[in-house]
2 protein chains.
Amino acid sequence: MAENDKQTEERIFEAATDVFIEKGMDGARMQDIASHAGINKALLHYYFRTKEQLFNAVFEMVARKIIKKFAPVFDENLSLEAKIRFFFKEHLTFLQENPRLPAFFLNEMNRNPSRIKKILSGVDIDKLWLKLYSQHKEELKNYNLTEETMPQLLTSIVALSVFPFAARGIIEGVLEKMGIDFDKYIETRKTFAAEFVIKAISRP
Amino acid sequence: MAENDKQTEERIFEAATDVFIEKGMDGARMQDIASHAGINKALLHYYFRTKEQLFNAVFEMVARKIIKKFAPVFDENLSLEAKIRFFFKEHLTFLQENPRLPAFFLNEMNRNPSRIKKILSGVDIDKLWLKLYSQHKEELKNYNLTEETMPQLLTSIVALSVFPFAARGIIEGVLEKMGIDFDKYIETRKTFAAEFVIKAISRP
DNA sequence: TTTACTTTTGACCCGTTGGTTAAACTTTAT
DNA sequence: ATAAAGTTTAACCAACGGGTCAAAAGTAAA
């Protein structure tokens, strides 16, 4: 039973994840989730009392998954340049496997800004920030970067990786018109973005 | 009457724009729009038969507004570097005045990908692309950029400008934790992003 | 002032949707 | 075997939400 339990609850959770990511909280229908899981709507409410609760469970899992993907950058013992290359390769591969995550996450974040604090409270951003900064203090000086420009640099790096998926529809449409394949474009991007950033921060 | 007509219809349109941008198509309620416009729900349907129709009107207007902001870059007679600086200043200022546009636009685009073709069909992307490329053929050669890397470069530029607003919630939250103001961050970004890109494409 | 027309409204309709309930069915423990 | 506990279902409910309608209010021309 604990067996079957897990199975049913997990089936529900996976179905919910799929539907919520595709349609968003507002667009998703409980009946749709139930059908996807191959069960009754009442059973859905038996495992997750309300739509809100179910959504929260899914969203938190997605948030954890996303944040986890940023962590290695702080741990790996690599030079700054190597870290940048490492990040784009790893992160873009992750997004290739989960192409709808950025749009879903960003949208739900905007829909309900109060989540931000909750998610951010779980991570000591400032600590990580300082850690990264002190790890590469020497290099950064070499690159002519101050502590002040760190937010600009880091958001730029994330932007270059995430944006193509957040705006996938339009980008795919534009690329298509010029005979370029999106997957190929992303593959190229893994190295392009890294070299782009490295060159941008290098001394002339 | 034609006077009052315009007034009412315009009030409705503006109210609809506000509500749709804030809540999205799925989250918006006709009653909410009516209240915002200070009118009856029936009157709403008198001017715009259905929710879909009203939404389409709003969305098309937003799309035009956004696309219009990209056009000048192709027309201005400036060097590539000047164009890059011009773009970031102009575009980020535009987004400061319309901070919710990116999230709304991207989300609705993902929700209904068929819009993409319709919007893209209105613009000769490939022509503009070539125009931009031929305008700066000499410089690009100088910068060591080929025609192949143009998509990577252009999407990167857009990403650096749009992403901070598409992910505003999170970025604002992170910045806040380190005592940085979002508006200040954007102000800094106008020059940072431009210099970042210019340096990235410059020869060593 | 009457007539013809447009604009605005309150009341109503009805399909959808999140959520409930009571009973049937399974499993586990005694 | 049987009682107790957990699991699953069909049927149901209330309210929400887009959309309609007929009548009232306003406007302009004859």
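Scanning the stretch A:51-81 for residues that are open to solvent by 60 Å² or more (accessible area, probe 1.4 Å) and farther than 30 Å from A:Ile157 by Cα yields A:Glu52, A:Gln53. Within the stretch B:13-31, the set of residues being in contact (Cβ under 8 Å) with a residue 40 or more places away in the chain and either within 13 Å of DNA strand D (Cβ to nearest atom) or within 14 Å of B:Arg100 (Cα to Cα) (or both) comprises B:Ala16, B:Thr17, B:Phe20, B:Ile21, B:Glu22, B:Gly24, B:Met25, B:Asp26. The residue of the stretch B:14-48 that is nearest to DNA strand C (Cβ to nearest atom), among those that are among the polar types (S, T, N, Q) and more than 24 Å from the chain's Cα centre (by Cα), is B:Asn40.
Scanning the stretch A:46-81 for residues that are outside any helix (DSSP H, G or I) and aliphatic (A, V, I, L, M) turns up A:Ala71, A:Leu78. For the stretch B:1-31, taking the residues that are among the polar types (S, T, N, Q) and open to solvent by less than 70 Å² (accessible area, probe 1.4 Å), the one that is modelled with the highest pLDDT is identified as B:Thr17. Of the candidates B:Ile119, B:Ile39, B:Ile84, the single residue that is in a loop (DSSP other than H, G, I, E, B), of a type in the set (A, V, I, L, M, F, W, C) and crowded, with 17+ Cβ neighbours inside 10 Å is B:Ile39. When the stretch A:49-92 is limited to residues that are farther than 22 Å from A:Phe104 by Cα and among the acidic types (Asp, Glu), the one that is nearest to DNA strand C (Cβ to nearest atom) turns out to be A:Asp75.
Answer yes or no: is there a residue in the stretch B:57-65 that is within 16 Å of the chain's Cα centre (by Cα) and within 11 Å of another protein chain (Cβ to nearest Cβ). Looking through the stretch B:57-65, at least one residue is within 16 Å of the chain's Cα centre (by Cα) and within 11 Å of another protein chain (Cβ to nearest Cβ).
Specify the residue that is surrounded by the most Cβ atoms within 10 Å (Cβ to Cβ); the eligible residues are those in the stretch B:130-156 that are out of contact with any Lys or Arg (no Cβ under 8 Å at 6 or more places or on another chain) and within 15 Å of A:Ile170 (Cα to Cα). Step by step, filter the stretch B:130-156, then rank; the result is B:Ser156.
Within the stretch B:149-175, the set of residues being under 24 Å from A:Ile119 (Cα atoms) and more than 9 Å from every other protein chain (Cβ to nearest Cβ) comprises B:Phe165 only. Residues of the stretch B:176-204 that are under 23 Å from B:Pro99 (Cα atoms), more than 8 Å from chain A (Cβ to nearest Cβ) and not charged (D, E, K, R): B:Gly179, B:Phe182, B:Ile186, B:Thr191, B:Ala194. Among residues that are within 12 Å of DNA strand D (Cβ to nearest atom) and modelled with pLDDT of 95 or more, A:Ala34 is included.
Against the condition away from DNA strand C (no atom under 16 Å from the Cβ) and at pLDDT below 95, how does B:Thr146 come out, does it pass? Spelling it out, B:Thr146 is indeed away from DNA strand C (no atom under 16 Å from the Cβ) and at pLDDT below 95.
The values are calculated or read from the model by the stated rules, or taken from the named source; none is laboratory data. Quick caveat, the model's predicted, so the values are computed rather than measured. Ideal geometry is used to build each Cβ from the backbone, glycine not excepted, and the neighbour counts take in all protein chains shown. In case anyone asks, the SASA skips ligands and DNA or RNA and just uses the protein heavy atoms, side chains included. Shrake-Rupley method; radii C 1.70, N 1.55, O 1.52, S 1.80 Å.
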